[in-house]
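Values quoted throughout were computed directly from the atomic coordinates according to the rules given, and no laboratory measurement underlies them. Quick caveat: nothing in here was measured; it's all calculated off a predicted structure. Cβ sites come from the backbone with ideal geometry, for glycine too, and all protein chains shown count toward neighbours.
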Amino acid sequence: MKSYKILLFVLLVIAALGVIVALFPKESIKIGNTELHFPSFDDLAKRDTTQKEIELPTVDSAALQAMMALQDTMAVYRQIITQNEGRFFFPNQDSSFFDSFFASANKAQQQGRLIRILHYGDSQIEMDRMSDNLRVWFQKNFGGGGPGMIPLMQTIPTASVSQSVSGNLTDYGLYGDAAGIKDRQYGPMARFYRVSGTAILNVSASKNAKTDDRFKNFSHITLLYKDKIGNFSATLKDRVRQTEEKQISDTTGIRKMVWILDSVTARVSLTLSGEADIYGVTIDNGYGVTLDNIPIRGSSGTFFSQIEDSTLRVMYNLLDVGLIILQFGGNSVPAIQSDKAIFSYTDKIASQIRYFQRVYPKAKILFIGPSDMSTRVGGVLQTYPRLPDLVEALKMTVTENGAVFWDMYSVMGGHNSMLTWVRNGWAGNDYIHFSSGGAKKMSDALANTFQIMYNYYLLRQEMETQHPENTQNN
């Protein structure tokens, strides 16, 4: 088609839209159960001029401790954890919720334990975003290293580790293009790969300069698997020193193989032979605490209860899981337009929390609500109309079911804050997903909240030592 004809067609379309805009009633029209609205000239000319000053809530807890006496510091912390915008919302306002986790984490290195935190989420945490920064905080405070648990094959590349796999593999899972399976033994990543014959996994530390050095050294490698017929073996090769060690499984069922290297390396390979289901490979360094990034694109976090209970219980125990983080809700927002829809979603979330509590009651559960998200209403970009209602409903549902809630929507600034995040380069032009810088900013805020709670825990331990008669009031 000639260029002048294309131009003429575009001008005619614009003219037709102009006529519709001029004639369409401002109040909209109703046809049956459908209401039609067309933006006016004023709506089309509107641009959002809201420029919110975004300052994420932080507390310099070290400065507080240095400035004040113990008793005064305790009083300030009690105020912070109940009033600060970035606080955790606890079931029954129980600020000691994480005490048992912190106590275990403090002892992990001396006990030769590696306590795992499983960070499940939607596409907001893909590529290890948010998880990586949280992992750094936990490993700084409690020890440990390495990028954590990875699937045999990454559906989305991660910034924290480089990997490749070859061989005869079949993908089973609860999401994406994976096949389903009747026994529902999907494992801790809601996905596994079945090896029939031979497969080779190569793993290398990330060469990205922005990747934390703690993730670039490996010394503890664990293979979580189910031997199908008792003929499975795995050989770990340290590709830096060209040494290898083979382990043989002679028993069917869910097992793990562990390799502890004499010194750290940055490149390993696993050669798998036989018939087995591979649920995950943990790439760690030393003892302490680590955090596993488990992104599930498109999920609203409502399918975990489809995993067979006893299978997951065994695997969580083998992995020594101490904390489960669920970061969901964003994918449900566009479809939620009524109180009924909000109740339906929050009821499903409540059932997932109860499922995890039943499967593995030793693990604490933290639910992170959705961020602000923008859509066009009357031609103007603004927060999804029912998103604030959903956040409040989730907060109530999560805490009433014995888990902790962190309000990411409020932390980032609340209503229409996404507009400012996009302007500042902290979120993408889809007005939904954080950029890498925005994800770091948000995970810094979450790490700060954990730091506050950890310092508060330590202060109460100190108070118990110095003034045991006052501990019941703190």
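The orientation-averaged projected area of the convex hull spanned by the Cα atoms of segment 57-473 comes to 21.4 nm². Dipole magnitude for segment 57-473: computed about the Cα centre from +1 point charges on Lys and Arg Cβ and -1 point charges on Asp and Glu Cβ, it is near 680 debye.
Beyond 21 Å in Cα-Cα separation lie the following of the pairs 364/441; 256/364; 140/441; 228/362; 182/364; 182/226: 364/441; 256/364; 228/362; 182/364.
The relative contact order of segment 57-473, computed from alpha carbon pairs under 8 Å that lie at least 6 residues apart in sequence, is 23 percent.
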